[in-house]
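Structure first, commentary second.
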Amino acid sequence: MVRRKRKHESAARRAAAATVAPQPEQLVSATLPATHFRRVLVVAAGLTTCWLIGLGTLAGLTANPVTLNQAQIRQADFVLTGRVVDVTVGTAIIEQAWKVDDLPNQIIIDNLAETKAENGEHYLLALSHGQDGSYEVTRARLPQRSHHEPPQFTLPLIYPTTDETTAQLKQILDQ
């Protein structure tokens with residue numbers, strides 16, 4: 001019986017030694033999947049962040065380009081670039097006339113207050129004859145859905161004077 005105890009004790013010691021002190025290669029293999037997963041997760045998070053920053057930058061730089069309403073430009077009696085002096089009164093100083101030159105240096109535009117114009121800013125203005133010899137920003141006619149409904153018009157649109165809007169205007173007037 002004494003022998004059996006020793007065998008039993010030595011087996012217990014071996015089992016305790018195996019569970020208490022794992023070998024270094026066992027530690028590496030146990031932590032390697034977790035470390036690898038963390039690295040992959042960090043790289044994926046970094047790439048996602050870079051992609052979102054790039055996407056936001058593109059959206060910010062290319063969003064809402066100014067596009068001239070061709071129908072409005074063609075329907076207008078006068079097209080000019082000018083500086084708004086007083087939005088509430090509708091006063092503007094003409095800097096350049098693109099369509100018809102016989103305008104005074106300073107004009108009053110009846111519906112300028114309906115636009116988003118700001119005092120002191122430069123705009124491309126498509127104008128038509130208003131009441132009593134005044135002028136108004138031309139409203140472009142919207143396409144009709146059927147021949148039975150009355151024509152509908154857009155809000156009076158004005159455009160900031162930039163190289164891009166000037167190039168678009170020249171292209172429209174040359175057609």
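No value in this document is a laboratory result; all are computed from the given coordinates. Worth saying up front: this structure is predicted, and the values here are computed from it rather than measured. Using ideal geometry, Cβ is built from the backbone for each residue, glycine included, and neighbour counts are taken over all protein chains shown.
Between THR88 and ASP174, the modelled label-to-label distance comes to 4.3 nm, taking each label 7 Å out from Cα in the direction of the beta carbon. The phi-based Karplus calculation (6.51 cos²θ - 1.76 cosθ + 1.60; θ = phi - 60°) puts the 3J(HN,Hα) values of region 83-96 at 10, 7, 8, 9, 5, 5, 7, x, 7, 9, 9, 7, 9, 8 Hz, whole numbers, x for Gly and Pro. Using 0.36 nm per residue and subtracting the Cα-Cα separation, the extra length available between VAL42 and PHE153 on full extension is 34.5 nm.
All Cα-Cα distances of region 70-174, cut into 5 Å bins from zero to the largest, leave 2, 13, 24, 25, 18, 10, 5, 3, 1 percent in each bin in turn. Couplings 3J(HN,Hα) for region 56-67, derived from phi with the Karplus relation 6.51 cos²θ - 1.76 cosθ + 1.60 (θ = phi - 60°), are x, 5, 4, 5, x, 7, 10, 6, 6, x, 6, 10 Hz, where x marks Gly and Pro. Here LEU157, LEU52 are placed in order of increasing Cβ neighbour count within 10 Å, fewest first, which gives LEU52, LEU157. Around the amide H of GLU95, modelled in the peptide plane, lie the amide H atoms of THR81, GLY82, ARG83, all under 5 Å away and 5 or more residues distant in sequence or on another chain. When you filter the trypsin sites (Lys or Arg not before Pro) in region 67-130 for DSSP loop state and at most 13 other Cβ atoms inside 10 Å of their Cβ, you are left with LYS116. Neighbour counts of C-beta atoms inside 10 Å place THR161, THR154, THR48 in the sequence THR48, THR154, THR161, starting with the fewest. Please go through region 66-125 and write out the GluC sites (Glu not before Pro) that DSSP classes as loop and that have at most 11 other C-beta atoms within 10 Å. Within region 66-125, the qualifying GluC sites (Glu not before Pro) (loop, at most 11 other Cβ atoms within 10 Å) are GLU118.
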